[in-house]
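All of the numbers you see were taken from the coordinates with simple rules; none came from a lab. Not measured: the values here are computed from a predicted model. Positions of Cβ are generated from backbone atoms using ideal geometry, with glycine treated the same way; all protein chains shown enter the neighbour counts.
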Amino acid sequence: MDSKKRSNSNQSKHWSRYSKHFNDESNDEDDDIDNDSEDDEIPSTLQESPDESDAKFGRQWTSKEPSKRKISSANILRQQNGVGRPVAGIQTVKEAFQVLIRQAMVLILVKGTNRRVHLILEQWNKKNSDKEYQWRDTDLEEMWAFIGLLLLAGVHRSKNESFNGL
């Protein structure tokens, strides 16, 4: 019988490692194998112990516990675990959201929105003096409501739906 090479690269690595223990000229017709002395015939390099096993890429796994080592100072935590003080007393969704987006940030949005609208309306009213528009400045609560509606629209994936429909 001709010996065939393995096509899988992982098989060929393992095959070449253990091939020295096999006889290429063996005869498969030899049926008088003694099962009682099975451990004696297997080379010691091929016998697997129940505590160790080889894995892919030569890593060796074992069920034995590793030796105790000193813990590196980089792995020692010096802070308290868990939620910090700002989020400990949160009761509403709005309070939780205000931890991420602070009121000062929303005030910047309110001031920028009002400033930009006044600039655009001033230009519009100069060009169209017969159709003057009035603007009531937006406030903090209105901006929070708008941000909430934007989030709600994102959650429901409503691209072209009006805010009244949400």
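By the count of neighbouring beta-carbon atoms within 10 Å, fewest first, Ile71, Ile120 end up ordered Ile71, Ile120. Name the shape class, rounded, prolate or oblate, that the alpha-carbon gyration tensor gives for segment 86-160, where a ≥ b ≥ c are the square roots of its eigenvalues, rounded holds for a/c under 1.5, and otherwise prolate holds if a/b is larger than b/c and oblate otherwise. The shape class here is prolate.
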